[in-house]
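**Q** Please see the structure below; I have some questions.
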Amino acid sequence: MSTFAHDVTFAGVKVGDSLPAVTSKPISRTTLALFAGASGDHNPIHIDIDFAKAAGMPDVFAHGMLGMAYLGHLLTAWVPQRAVREFSTRFVSITQVHAVVTCTGRVVEKREGNLVALEIEAADQNGDVKLAGKAVVELP
Amino acid sequence: MIDRSFIGKTFPPLHVDVEAGQLRNFARATGQRDPIYTDETAAKAAGYRALPAPLTFLFTLDQEREDRFYFINAMGIELGHVLHGEQAFTYGAPICAGDRVTLTCTCMDIYDKKGGAMEFVILKTKATNQLGEDLGTMTGTIVVRDPK
């Protein structure tokens, strides 16, 4: 049923391997409104341009957690979600409206216990890094 | 300046139900294409007892409070000056539709940089389900910028 075939094994990965990249659709104002509702993050800075301007920002901008959700898709398209043991990110810079976010990742370390450490990143269409993160997955 | 006496304070626990509709909504809003997040049959075929919550969903469950800006308001922070600095999750048992999750949030640290022009608040939330299983943790770093 699942269209996502997960056949990654500890023996089968090596340091330097890349994860298949995942690219979002362009982030529209509608995307931000729907994500505000669905994620429960109602901070008006992401959906109300009047509020954003009053707070000194030129426009609304994407929720950091939207970018982190996209990074999550990168991980769970590669391994089953239950393989993910740790997942973290820094929000490096603001993701603007209309951005197209591409998530990439690579294997940086293999550890005891079938654990694999990853470095992951979300960047916009200009290559500007928006999120820089890490994850640890446990593989069969 | 945020009152440093919040360091070490634990906020009242939140008990929240994980609903299938809420999970489907989140999947659609994030462009999720894997059917295990929207189709119960696919979720069960993948070994879940119901639709699983995605990797970042503890953050969303924590927004189900009466006052979703609870710590921001309690600490007297200006909402428009808040930026999300970092976010980290560790994982225990899966979270699925139908679960009742208890979230307990503690302020781990508050500090400033650039002579007080930026303040940082670190919050760590622990989560358990109705069976008492450990669901993991989330740790958020909130940056409060002073526009002056």
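The values are calculated or read from the model by the stated rules, or taken from the named source; none is laboratory data. What you see is a predicted model, and the numbers here were worked out from it, not measured in a lab. Cβ sites come from the backbone with ideal geometry, for glycine too, and all protein chains shown count toward neighbours. Note: accessible area is taken over every heavy atom of the protein model, side chains too, but ligands, DNA and RNA are not part of it. Shrake-Rupley method; radii C 1.70, N 1.55, O 1.52, S 1.80 Å.
**Q** Less than 17 Å apart at the alpha-carbon level, and either on another chain or at least 8 residues along: which lysines does that give for B:Lys124?
**A** Result set, ordered by chain and number: B:Lys9.
**Q** Per the helix-only calculation at 222 nm, which mean residue ellipticity applies to chain B, given -39500 (n - 2.57) for every DSSP H run of n ≥ 4 and division by its residues, nearest 500 deg cm²/dmol?
**A** Mean residue ellipticity at 222 nm (helix-derived): -4000 deg cm²/dmol.
**Q** Leaving out same-chain residues fewer than 8 places away, which lysines sit with a Cα under 27 Å from that of A:Lys25?
**A** A:Lys53, A:Lys130, A:Lys134
**Q** Turning to a different aspect of this structure: What figure, in Å² to the nearest 10, do you get for the accessible area of B:Ile72 with a 1.4 Å probe and non-protein molecules left out?
**A** Spelled out: B:Ile72, probe radius 1.4 Å, area about 10 Å².
**Q** If you project the alpha carbons of region A:41-89 onto their three principal axes, what span does each projection cover, largest first, in Å?
**A** If we take the Cα atoms of region A:41-89, the spans are 43, 15, 15 Å.
**Q** How about region B:38-119: which chymotrypsin sites (Phe, Trp or Tyr not before Pro) there lie in a loop by DSSP and see at most 16 other Cβ atoms within 10 Å?
**A** Passing both the DSSP loop test and the Cβ count: B:Phe69.
**Q** A further question follows. With N set to the number of residues, divide the alpha-carbon radius of gyration of region B:1-123 by 2.2 N^0.38 Å and report two decimals.
**A** Its radius of gyration relative to the 2.2 N^0.38 Å reference: 1.26.
**Q** Which translational diffusion coefficient, to the nearest whole µm²/s, is obtained for the protein assembly as shown from the Stokes-Einstein equation, given a Kirkwood hydrodynamic radius over C-alpha pairs, 20 °C and 1.002 mPa s?
**A** The diffusion coefficient I find is 110 µm²/s.
**Q** Moving on to the next point. Cα to Cα, under 15 Å, and not fewer than 8 places away if on the same chain: which aspartates and glutamates meet these conditions relative to B:Lys126?
**A** Correct list for B:Lys126: A:Glu86, B:Asp62, B:Asp134.
**Q** Next up: Using a 10 Å cut-off around each Cβ of peptide B:48-55, what is the average number of partner chain Cβ atoms that fall inside?
**A** Averaged over the peptide's residues, the number is 3.
**Q** Could you list the chymotrypsin sites (Phe, Trp or Tyr not before Pro) in region A:15-89 that lie in coil according to DSSP, counting only those with at most 15 other Cβ atoms within 10 Å of their Cβ?
**A** On the way: sites: A:Phe35, A:Phe51, A:Phe61, A:Tyr70, A:Trp78, A:Phe87; in loops: none.
The qualifying sites: there are none.
**Q** Relative to the longest principal Cα axis of chain B, at what angle does helix B:20-29 sit, 0 to 90 degrees, rounded to 10?
**A** The angle comes out at about 70 degrees.
**Q** Something else now. Can you tell me the 0 to 90 degree angle between the C-alpha axis of helix A:29-39 and the longest principal axis of chain A, rounded to 10?
**A** Orientation of helix A:29-39: about 60 degrees from the principal axis.
**Q** With every protein chain present, what accessible area does B:Leu14 have (1.4 Å probe, heavy atoms only), rounded to the nearest 10 Å²?
**A** B:Leu14 exposes around 20 Å² with every protein chain in place.
**Q** Lys/Arg Cβ at +1, Asp/Glu Cβ at -1, dipole of chain B taken about the Cα centre: which of B:Gly85, B:Thr139, B:Val101 is farthest positive-ward?
**A** Of the options given, the answer is B:Gly85.
**Q** Moving to a separate point now. Can you give the accessible area of A:Ser88, probe radius 1.4 Å, in Å² rounded to 10?
**A** Answer for A:Ser88: close to 40 Å² accessible.
**Q** Can you give me the orientation-averaged projected area of the convex hull built on the Cα atoms of chain A, in nm²? Walk me through the intermediate numbers first.
**A** On the way: hull surface 36.7 nm².
Averaged projected hull area, Cα only: 9.2 nm².
**Q** Within 10 Å of each candidate Cβ there may be at most 12 other Cβ atoms; applying that plus a DSSP loop requirement, which trypsin sites (Lys or Arg not before Pro) in region A:6-79 survive?
**A** A:Lys14
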